[in-house]
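The values are calculated or read from the model by the stated rules, or taken from the named source; none is laboratory data. Computed from a predicted structure; not experimentally measured. For neighbour counting, all protein chains shown are included, and Cβ atoms are generated from backbone atoms with ideal geometry for every residue, glycine included. SASA here: full protein model, heavy atoms, side chains in, ligands and nucleic acids out. Shrake-Rupley method; radii C 1.70, N 1.55, O 1.52, S 1.80 Å.
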Amino acid sequence: MMNEKLLVVKDLSVIYKTDEAIVHAVNKINFDIGRKETIGLVGETGAGKTTTALAIMQLLPERTGRITEGEILFKGENLLKKSKNEMRMIRGERMSMIFQDPMTSLNPIVTVGDQIRESLDIHNHDKKNKIELEARVDELLKLVGIQPRRKSEYPHQFSGGMKQRVVIAMALACNPELLIADEPTTALDVTIQAQVLALMAELKEQLGTSMIMITHDLGVVAQTCDKVAIMYAGEIVEQGTARDIFEGEKHHPYTLGLFGSIPDLEVETRRLNPIDGLMPDPTDLPPGCKFHPRCKSCMEICKHKQPEPHSFGNHIIVCHLYAKEV
Ligand SMILES: Nc1ncnc2c1ncn2[C@@H]1O[C@H](COP(=O)(O)OP(=O)(O)OP(=O)(O)O)[C@@H](O)[C@H]1O
Ligand code: SF4
Ligand SMILES: [Mg+2]
């Protein structure tokens, strides 16, 4: 199908079961990604962004993490129905993830070239011969702006930004159709951050990869995302095109809080605005709207009734303020 979505996440809920309690990390979220599209997942720490990514990759911690409801459709097929082996193949060939702390993705005692080669080895089932494999390693290094002769070096011989490029090269080794980048530039200083982002945008253009970009930085969102989903306490409280989020007139009170004021799309880098109060305890979520204890616009109904999503075209806001009758 021509306009089939690459990824559709439907009513997805994820819990972590610890000895003490059940953590409701992701609660009934819905979003989709088209081909070559990038969606930004934005929200304060603990909002459920990484959990969403791990659920899609099916890399939740085995003993504690569990998807309790929903569907994850990748090219129309529900990933939750796949076997472990099938998922391993899908992860190797169709989707990959750059983890939140990329420095931990690199093995300090293995050369950069060997690490990229390893990701190629696992991912290529058509048993490429050695020369082809070497050529592909060189090609990947060049793609991310590293000279191939450096492949015999170890991670510690690379700067932070260069290490991040190696991690990106590893994630791209399988030519993924979907790349999930979990805060890919947070550990880097601003100049390097800009370089890595520019590189990712260029690669996306060149390779046609769809992306989920998880970030705290509104500047990163403005620079890289077609669509944006704002997460709070495991829910998506607002989503729309980047234009809806940055230039729209209607917003969820949480989004307004995060933005401080609505910035324009030209903004370069901008951290989220701190909001008074804390995210609720995910083992004991409040009734009604999860944001109500911190919301300046809170009404009586918000304290006991969960708001419905209200759509303005593709722009969706989950808040009682936008109900026709409250
Ligand atoms: N392995 C785990 N066991 C128990 N609880 C967990 C586990 N991993 C995450 N959580 C909890 O699940 C909730 C969502 O966490 P998650 O890591 O998805 O948030 P996040 O939005 O990625 O935050 P950050 O911006 O800090 O990376 C948090 O309350 C977190 O404490
Ligand atoms: S539903 Fe009520 S408490 Fe929640 S964000 Fe909207 S106005 Fe605020
Ligand atoms: Mg995270």
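Before moving on, here are some points about what is shown:
- Under a 5 Å amide H cut-off, with hydrogens placed 1.01 Å from N, ILE180 pairs with SER96, MET97, ILE98, ILE212 among residues at least 5 apart or on other chains.
- Gain in span if fully extended, GLN306 to LYS81, counting 0.36 nm per residue against the direct Cα distance: 78.0 nm
- Here the simple spin-label model places points 7 Å from the Cα toward Cβ, and for ALA198 and MET89 these points are separated by 4.1 nm.
- Extension reserve of the THR104-ARG243 stretch, reckoned as 0.36 nm per residue once the Cα distance is removed: 46.6 nm
- Placing dummy labels 7 Å off each Cα toward the beta-carbon, the span from LYS324 to GLN147 is 6.7 nm.
- Rounded to the nearest 10 degrees, the inclination of helix 190-207 to the longest alpha-carbon principal axis of the chain is 80 degrees.
- Overall, the chain carries a charge dipole of about 620 debye about its Cα centre when +1 sits on the Cβ of Lys and Arg and -1 on the Cβ of Asp and Glu, all other atoms neutral.
- Rolling a 1.4 Å probe over the protein heavy atoms of the stretch 1-93, with every protein chain left in place, gives an accessible area that is 49 percent carbon and sulfur.
- Simple label model, 7 Å out from Cα along Cβ direction - ASP11 to ALA135, nm: 5.0
- For the chain, the solvent-accessible area with a 1.4 angstrom probe is 49 square angstrom per residue.
- Listed values for the stretch 306-320 are Karplus-derived 3J(HN,Hα) couplings in whole Hz (6.51 cos²θ - 1.76 cosθ + 1.60, θ = phi - 60°), namely 5, x, 8, x, 10, 9, 10, x, 8, 8, 10, 10, 9, 6, 5, and x replaces Gly and Pro.
- Estimated FRET transfer efficiency (MET299, GLU71; beta-carbon r; R0 30 Å; 0.05): 0.35
- Accessible surface of GLU247 - all protein chains present, 1.4 Å probe, nearest 10 Å²: 90
- Residues in the stretch 248-259 carry Karplus couplings, in order, of x, 8, 9, 8, 6, x, 5, 4, 4, x, 4, 7 Hz; the curve used is 6.51 cos²θ - 1.76 cosθ + 1.60 with θ = phi - 60°, and Gly or Pro positions show x.
- Axis angle, to the nearest 10 degrees, between helix 160-172 and the longest C-alpha principal axis of the chain: 90 degrees.
- Relative contact order (%) - the chain, alpha-carbon pairs under 8 angstrom, separation at least six: 20
- Solvent-accessible surface ranking, highest first, for LYS324, LYS84 at 1.4 angstrom: LYS324, LYS84
- Scanning residues 5 or more positions from LEU7 or on other chains, those with amide H under 5 Å from its amide H are ILE33, LYS75, with H placed 1.01 Å from N in the peptide plane.
- Each of THR104, THR111 has its accessible area taken with a 1.4 Å probe; listed largest first, they run THR104, THR111.
- Each residue was assigned an accessible area with a 1.4 Å probe, and for HIS320 the value is about 10 Å².
- For VAL14, nonlocal amide neighbours, meaning residues 5 or more places apart or on other chains whose placed amide H falls under 5 Å from its own, are ALA25, VAL26, ASN27, LYS28, THR68.
- Contact order normalised by residue count of the stretch 1-150, Cα under 8 Å, 6+ apart, percent: 21
- Given charges at Cβ of Lys, Arg, Asp, Glu: the stretch 1-111 dipole, positive-most of THR38, ASN78, VAL26: ASN78
- Share of carbon and sulfur in the accessible heavy-atom surface of the stretch 132-227 [1.4 Å probe, %]: 51
- Between the stretch 7-31 and the stretch 102-117, the alpha-carbon center distance in angstrom: 32
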